[in-house]
Each structure stands twice: as structure tokens, then as C-alpha cells.
1. Please work out which one of (1) within 27 Å of the chain's Cα centre (by Cα); (2) more than 30 Å from Leu292 (Cα to Cα); (3) of a type in the set (Asp, Glu) is the condition Glu241 fails and give its number.
2. Whether any residue in region 33-40 is open to solvent by less than 30 Å² (accessible area, probe 1.4 Å), acidic (Asp, Glu) and under 19 Å from Ala153 (Cβ atoms) is what I want to check.
3. Return the only residue of Val329, Val255 being β-branched (Val, Ile, Thr) and crowded, with 16+ Cβ neighbours inside 10 Å.
4. Between a residue in region 17-42 that is at pLDDT below 85 and any residue that is part of a strand (DSSP E or B) and open to solvent by less than 30 Å² (accessible area, probe 1.4 Å), which pairs come within a Cβ distance under 8 Å, given they are 6 or more apart or on different chains?
5. With respect to Ala229, determine if the residue is more than 24 Å from the chain's Cα centre (by Cα) and either surrounded by fewer than 19 Cβ atoms within 10 Å (Cβ to Cβ) or of a type outside the set (D, E, K, R) (or both).
6. Please find, among Arg257, Arg279, Arg289, the residue that is more than 28 Å from Thr124 (Cα to Cα) and among the basic types (Lys, Arg).
7. Taking Arg44 as meeting all but one of (1) within 26 Å of Val134 (Cα to Cα); (2) open to solvent by 20 Å² or more (accessible area, probe 1.4 Å); (3) basic (Lys, Arg), write down the number of the exception.
8. Only one of these conditions is not met by Gly248: (1) open to solvent by 50 Å² or more (accessible area, probe 1.4 Å); (2) among the small types (Gly, Ala, Ser); (3) assigned to a helix (DSSP H, G or I). Which number is it?
Amino acid sequence: MTRPTDQRPAAVPFPAKQAGQGPTRWWWTEPAVWTERMLTALQRGVKGGVWYSLIDKVYAPRNLAAAWARVQANAGAAGCDGQSIAAFAAQAEWHLRQLHEQLRTGSYRPQPVRRVWIDKPGSTEQRPLGIPAVRDRVVQTALRQVLEPIYEAGFAEQSYGFRPGRGCLDALRRVEAEAERALADVRRLVEGRGLTLHPTKTRLVDASQAGGFDFLGYHFERGYRWPRAKSLDKLKDKIRELTPRTHGHALEQIVGRLNATLRGWFHYFKYSHRTTFPRLDKWVRLRVRSILRRRAGGHGCGRGRAHQRWPNAYFGTLGLFDLTTAQGVFCQSH
């Protein structure tokens with residue numbers, strides 16, 4: 001039996017022209033799946049809000065190949081079957097053909113997820129982490145590449161978690177309005193589903209007063225924000241790991257690794273108050289001076305006359321990333 005044409009949800013043939021730039025909002029979609037025609041339907045909405053015939057997009061060879069490329073780029077550990085990324089890559093073409101056939105015929109079955117426990121930064125607690133098998137990560141990614149844009153179209157504007165092109169920095173810009181009402185609404189919704197808010201992590205604070213609150217790695221207090229204590233400790237632990245006094249690598253290598261860490265940290269915490277950065281720059285230079293002092297036959301940390309022998313300008317010639325300078329450039333451009 002066939003339904004009347006005017007009742008049938010929008011369909012888009014897979015061989016349609018593949019997306020190039022596409023609508024700006026959907027720059028992140030997988031072009032192996034989302035054609036320009038499909039993106040237009042996504043933007044305008046399909047009749048009845050129903051999409052159909054999507055499974056063939058999931059197991060399409062191009063989509064599976066694109067999914068495998070992403071899984072391979074992410075690396076990661078083996079799942080419960082013990083198969084590594086390298087082992088899958090050695091026979092990737094065969095594995096992808098097998099997945100295509102299993103998904104097409106409905107015979108695909110995922111492996112159990114391998115459970116491991118990892119340390120929580122700045123805490124003695126651990127959190128569970130599930131590691132699927134490589135083949136299952138490929139299927140999950142292929143499925144996500146098809147479904148994610150459909151769900152993304154319906155998300156609220158103020159939702160930032162686990163969405164493409166959005167993240168913590170976006171959420172930070174929209175912290176503290178109508179807090180009392182929001183907390184009451186959240187508590188009502190959560191408790192209505194048989195859940196409870198975390199007793200120590202859920203609270204209302206007056207950010208204009210001393211004490212403030214931590215959120216997404218930042219500390220907010222009296223109209224200012226800076227990295228919370230755990231965020232600073234984590235950075236310093238990493239710097240210490242990269243700058244032991246007995247480090248035997250070339251200074252250029254040490255600086256290169258420091259720069260990678262400092263640039264990544266600054267990209268996230270560049271919205272901090274300006275007083276955050278000079279203290280950290282001074283401490284980083286102190287760590288490197290300790291290495292130089294040790295190599296010159298001295299002892300102890302890089303204080304005393306070390307700053308005269310290796311002044312701040314010296315580290316500029318080495319190309320050491322300077323947080324204070326970077327923050328100044330960022331402020332001028334914004």
C-alpha cells in the first residue's frame with residue numbers, strides 16, 4: 001500500500017548534490033551525508049517534522065569511511081575485544097565493507113563497552129569511562145553524522161552542552177539572570193523525574209559579594225572572573241612535569257612543549273582578570289631559570305641573580321609564550 005503523496009514526509013535521494021559550503025549554520029555537518037537539498041529541508045523544516053529512509057545514509061560507504069576517518073583521528077584505546085586503532089586500520093577496507101553489510105541487513109550487533117576508572121583532576125575521586133570497540137565507534141559516529149543535525153535543529157538557543165560549534169566559553173557569556181526562578185524550575189523538572197539535584201554543587205550565591213562561585217573552570221566574584229584554584233593547580237602540575245631541573249632536552253624543545261600547554265590554557269582562560277597572567281608568567285620563567293641554573297652548575301631554584309643572568313627579555317628571544325602579552329593583544333582586538 002502507498003500513502004498519498006501529500007501525506008508523505010520529505011524525502012531526499014542520497015545521490016543528490018553533496019554540500020559544499022551549505023548554509024552557514026550547518027558548516028559542521030558531514031558532506032558525505034548532508035546534501036545542500038537536505039540542509040535546505042533541515043533549515044525550513046519538513047512536513048510533520050518526520051524524516052524517513054535514513055538508515056541507508058548511515059551504512060552508505062562514504063559515510064562509514066568519513067566516520068572511520070574521525071575515529072582514527074581521535075585515536076583512543078581498544079575496547080573489550082582488544083582491537084586497536086592500528087589493527088583496524090590494517091584492514092580498514094574489509095572492516096568497513098563488513099559493517100556496511102551488517103548494517104544493511106540488520107545483523108550488526110555492538111560489543112559490550114569496556115569500563116575503566118580515571119582520576120578526576122584536583123580530586124581523589126574517580127569517574128567511570130566507557131570505551132566502545134573501534135568498530136562500534138565507527139558505527140556510532142556514522143549514526144551521529146546522520147542524526148545530529150536533525151536534533152540540533154530543535155535545541156534551544158541557550159543550550160551549549162555537547163553541541164557542534166558551541167562549548168563552555170559560550171555558556172560563560174550567559175551566566176547569573178533570574179536565578180531563583182531558574183533554580184525552582186530546574187528542581188521541579190528534575191524531581192518530577194525521580195531525580196535530585198546535587199546537594200553540594202547546587203546553590204545560589206551573590207556574585208557581587210566575597211566568596212563567589214566556581215563554574216566551568218572559572219571563579220566568579222564581585223564582578224570579576226579568574227581561573228579557579230583547581231584550574232591553576234592543574235596548569236602548574238603540568239608545567240612542573242615539563243620543567244624538572246634535571247631536564248636533559250634541548251631548551252628549544254622544552255619551550256616548544258611549554259608553549260603548546262600555555263597557548264591551550266590561555267585560549268580557555270583569556271577572559272580572566274588581567275592580574276591573573278603576570279604572576280603565572282613570572283612563575284613559568286622561574287621554572288625555566290631553575291633548569292638553566294642547574295646546567296650552569298648552580299643549585300636551588302632560579303631566584304637571586306638568575307633573573308639578571310637570564311632576564312625576561314631573554315625568554316622573549318627563545319619564543320616562550322607570554323600570557324600577559326597575549327592577554328593585552330586579546331583585549332585590544334575585542
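The values are calculated or read from the model by the stated rules, or taken from the named source; none is laboratory data. This structure is a prediction, so every number in the text was calculated from the model and none was measured. No Cβ is skipped: glycine too gets one built from the backbone with ideal geometry, and neighbour counts run over all protein chains shown. These accessible areas exclude ligands, DNA and RNA; they are computed on the full protein's heavy atoms, side chains included. Shrake-Rupley method; radii C 1.70, N 1.55, O 1.52, S 1.80 Å.
1. (2)
2. Within region 33-40, not a single residue is open to solvent by less than 30 Å² (accessible area, probe 1.4 Å), acidic (Asp, Glu) and under 19 Å from Ala153 (Cβ atoms).
3. Testing whether each residue is β-branched (Val, Ile, Thr) and crowded, with 16+ Cβ neighbours inside 10 Å leaves just Val255.
4. Listed by first residue and then by second, the contacts come to Lys17/Thr35; Gln18/Thr35; Ala19/Thr35.
5. No.
6. Arg289
7. Result: Arg44 passes all but (1).
8. Only one criterion in (1) open to solvent by 50 Å² or more (accessible area, probe 1.4 Å); (2) among the small types (Gly, Ala, Ser); (3) assigned to a helix (DSSP H, G or I) is unmet by Gly248, namely (3).
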